[in-house]
Every structure is written in structure tokens, then in C-alpha cells.
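Report on one structure; see the data block that follows.
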Amino acid sequence: MRRPPSRRRFARLVPGTAAGLMAVCGAVLGCGLTAGCALFDQSVEAMTTGGYDESPVDDPRMAAFRPVIDQILLDVVLVERPADDPLLGRALWDSVGEIGAVDADRAGRLRSAGFRVGVASADPPEAVRALIERQEVIGTPLPNSRTTRLGAGDRDNEVQVNRITLRVGGDTTLPTAPRQSDLLVVTPAANGKPSRTESFDTATGQMRIGCRTPQKGWVTFDLTPEIHHGPQAMRAVPGPAGLETAHGQRVRAWPDRSFEVTLTVGDSVILGLRNDAAPDSLAAALLAAEKNGHATDRVLVVRLADIRQIEGRSEGR
């Protein structure tokens, strides 16, 4: 009859001692840290073709430590030009897909607020290219972003380019004005509600953007116009675990003027101002200004630059 392994031999097969457990944990953590560091050194092409570590997991117990997290890379372009510049009119909006970019109900609400929304493909039309070339950086960079200067340009024609990252399920704000000002917004009467006039001091227009992935290779973005105003102070703000304390301005959001678009890598959503937008409309508060005695309009372009998959640690471990 076959004899069972001795207790000493069994101890060598199953690391039940404290030293054995420490060795296993050290190996697991070492793998996770090494893969995470190497991941950020890889090229964009490697990211989009599954260049992250796809080696098989030898120990099934290690799989729980290696969930895959989608990280979205965005190129955010804010262009400011004279309001009568032809590139802000028909040349631009005839070349991008306005119809169908947003569902009919949301499109009507955006139109009444003075906005235009379109979607450009991965190969942008000439009007979009011409809109952003030979420009200058304006304003201040977004947090955790890289700002690029595009040429010398004319002081009346400026652009700010930022590369930002956004984790799927998260959100951030994109400023639509390079400087603070006093703003007035009139919300027209609708659905039995009277018109409403609001004034904001020391204010900037912002678009809050969140994202989710309905299917592989596609990202749905939710955009909501906001005005951040007043002095900086410690305030209670919504967070993942409920109300949290953060330092910032007051925020007035318009969720009834929010909209969503679904893009694949290379596509862009373009937000602009309608020619017939009222001077006190929400869109004008976010995208119109006066500079050097001349009326200027701004266009916000958000391009889905890449979808990266990174390894994270599972919650609860």
C-alpha cells in the first residue's frame, strides 16, 4: 500500500508556514507592481492592440488581483475666434454630423439654450482642421493635463489643447472660458414653468463630462453644462460615498440641458454657439465673450484619443 507523504514532505508541497505565505504574497504583489509600471511605458499602438500583459496566470488565486480597468484618453481643444469668422459658421457645421448626433428631445432643448452639437469622424474634415491650426494657447491648463502650443498665431485667434485621462465611470469638468467674468443666464419659460433670470459673479462656464463603455471599442460620454461662480471655499459636494468636503466655487448645473454622444477612437464631439443664440442664453454664457472690443465665440472639441486597459487591484483585497 502507498504510504501518505510525511508531514515534513507535505510542508514543502503546501506553503502553510508564515515564511511560505510571505513568499506567495510577495510574488503576487511583485507581479502586480511590475506589470503596472511597464504598462505606462508602452506605445499607444500596443495599448489598442492588447499590448498589456496577457500572459496566463499560473496560480488561479492571483487572478483576483488583476482586474482590467478601462482608461479613456481625451484631446480637449478650446478655440476662440471672432464671432463673424466664416470658419465658425456654415463651413464648420456643414462638414460635421449634426443630425442624429443627439436624440431629438435633447437636440430641441440644446437648440433652445443656444447650443450646436456635431460629431466628426476619425479623419476630421478640412473645416475642423482649419479651425484649430496656427493658434495660441489661452487660459490655464486643465488639472493633470498636457498643454500644447500650436504655432505663433494671431492674438484674436487662439486655441488651448489638453490631453487628459478619465477612468470609465468617472467624470471631470472642461472649462469653456479662459477667464472669469460676470455672467447672466435667462432660462426661457417651458412646460408651464416661468422664465428664470440668474446672475453669477466671478464665474466660468464648464462642461462636466462622464463616460461609460456600452460595448468594447465604444465610449458613451454624458455632458452637462455648468457655471462655477463665487469665491473659493470649503463646500459639501457629491462624491462616490455621499457628500464630501472639497475646496471650490459654487456650481449651478443644468441637467435638463445635458446630452450624450457615443464615439469610437478618433471621433470627436463639437460644441458651438448657434447664430441666433440670445446674448443671455446658457450657450452664450459658456461660449461667447468680448475681447479687445470685438465679439468672440468659442468652440469646444473633445476627441476620443485612445482607450487604454490597465491592471488594477480588486476591491476588498
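The values are calculated or read from the model by the stated rules, or taken from the named source; none is laboratory data. Since we're looking at a predicted model, the values are computed, not measured. Note that each Cβ is placed from the backbone with ideal geometry, even for glycine, and that neighbours are counted across all protein chains shown. Protein only, heavy atoms only, side chains kept; ligands, DNA and RNA dropped before computing areas. Shrake-Rupley method; radii C 1.70, N 1.55, O 1.52, S 1.80 Å.
Which condition breaks for residue 251 when tested against (1) open to solvent by 30 Å² or more (accessible area, probe 1.4 Å); (2) at positive phi?
It is condition (2) that residue 251 fails.
Using the structure shown, decide if residue 179 is of a type outside the set (A, V, I, L, M, F, W, C), assigned to a strand (DSSP E or B) and open to solvent by 20 Å² or more (accessible area, probe 1.4 Å).
Values: of a type outside the set (A, V, I, L, M, F, W, C): yes; assigned to a strand (DSSP E or B): no; open to solvent by 20 Å² or more (accessible area, probe 1.4 Å): yes.
Judged against the criteria, residue 179 is not a match.
Go over the candidates 305, 233, 277, 284 one by one and state the one that is more than 19 Å from the chain's Cα centre (by Cα) and part of a strand (DSSP E or B).
233
Working carefully through the options 263, 243, find the one that is at negative phi and open to solvent by less than 30 Å² (accessible area, probe 1.4 Å). Give the steps one after another, and end with the answer.
Working: 243 fails: open to solvent by less than 30 Å² (accessible area, probe 1.4 Å).
Answer to the selection: 263.
Within the stretch 76-130, take every residue that is assigned to a helix (DSSP H, G or I) and acidic (Asp, Glu) and give me the one that is least open to solvent (accessible area, probe 1.4 Å).
Applying the filter and picking the extreme gives 105.
What do you reckon, is residue 263 within 26 Å of residue 203 (Cβ to Cβ) and touching a residue at least 24 places away in the same chain (Cβ under 8 Å)?
No.
Please determine, by comparing only the residues of the stretch 242-274 that are in a loop (DSSP other than H, G, I, E, B) and small (Gly, Ala, Ser), which one is nearest to residue 73 (Cα to Cα).
It comes out as 266.
Cβ-Cβ distance below 9 Å, separation of 6 or more or different chains: which pairs start in the stretch 109-130 with a residue that is within 20 Å of residue 283 (Cα to Cα) and end on one that is of a type in the set (D, E, K, R) and open to solvent by less than 40 Å² (accessible area, probe 1.4 Å)?
From the stretch 109-130, the pairs are 109/257; 110/257; 112/257; 113/257; 115/257; 119/267.
Do you know which of the residues in the stretch 182-206 that are open to solvent by 90 Å² or more (accessible area, probe 1.4 Å) and outside any strand (DSSP E or B) is nearest to residue 271 (Cα to Cα)?
191
Looking only at the stretch 266-293, which residues are surrounded by fewer than 12 Cβ atoms within 10 Å (Cβ to Cβ) and either farther than 19 Å from residue 92 by Cβ or at pLDDT 95 or above (or both)? I'd like the intermediate steps shown before the answer.
Step one: list which residues in the stretch 266-293 are surrounded by fewer than 12 Cβ atoms within 10 Å (Cβ to Cβ), which gives 276, 279, 290, 292-293.
Matches in the stretch 266-293: 279, 290, 292, 293.
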